[in-house]
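**Q** Okay, here's the structure, questions in a sec.
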């Protein structure tokens, strides 16, 4: 279950952050808050759609959580870019750090989902062992 959940969230991430995002939007989201919101809604839509389709509606809250964290990470990057706090040499580093944060977020959420599923399964079996 862990591998499937992780794979689904990563596919949703790559769809929303790369495949469904044009080069123009990728550049403009660092300069325009409106474009950042557009990117965030595209990201939410893509990750929610794939999560609901493969894992079901019960995982929607996790897709929304990942999307919100994604938005706040990108918002921080937006403010750094808008205030010219990023030098050209550091843009590649910031890009890699940005993606690492997104992937670590997905990994943490997936571990949490897996842990909660194990707890509910253990509780389910404990109830039936008492009979």
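Throughout, read-outs are computed from the coordinates displayed, never taken from laboratory work. Keep in mind that this is a model prediction, so the values were computed, not measured. Quick reminder, even Gly has a Cβ in these numbers, built from the backbone with ideal geometry, and neighbours come from all protein chains shown.
**Q** Between helix 60-82 and the chain, what is the angle of the helix's C-alpha long axis to the longest principal axis, kept within 0 to 90° and rounded to the nearest 10?
**A** Roughly 20 degrees between the two axes.
**Q** Angle check, please: helix 33-54 long axis (alpha carbons) against the longest principal axis of the chain (alpha carbons), in degrees 0 to 90, nearest 10.
**A** 30
**Q** Just to confirm the number: angle between the C-alpha axis of helix 2-14 and the first principal axis of the chain, 0 to 90 degrees, nearest 10?
**A** Tilt relative to the chain: about 20 degrees.
**Q** Separation between the residue 73 and residue 23 pseudo-spin-labels, each 7 Å from Cα along Cα→Cβ, expressed in nm?
**A** Each label point lies 7 Å from its Cα, and together they span 2.4 nm.
**Q** Nearest 0.05, what FRET efficiency do residue 91 and residue 112 give at R0 = 35 Å with Cβ-Cβ as r?
**A** 0.65
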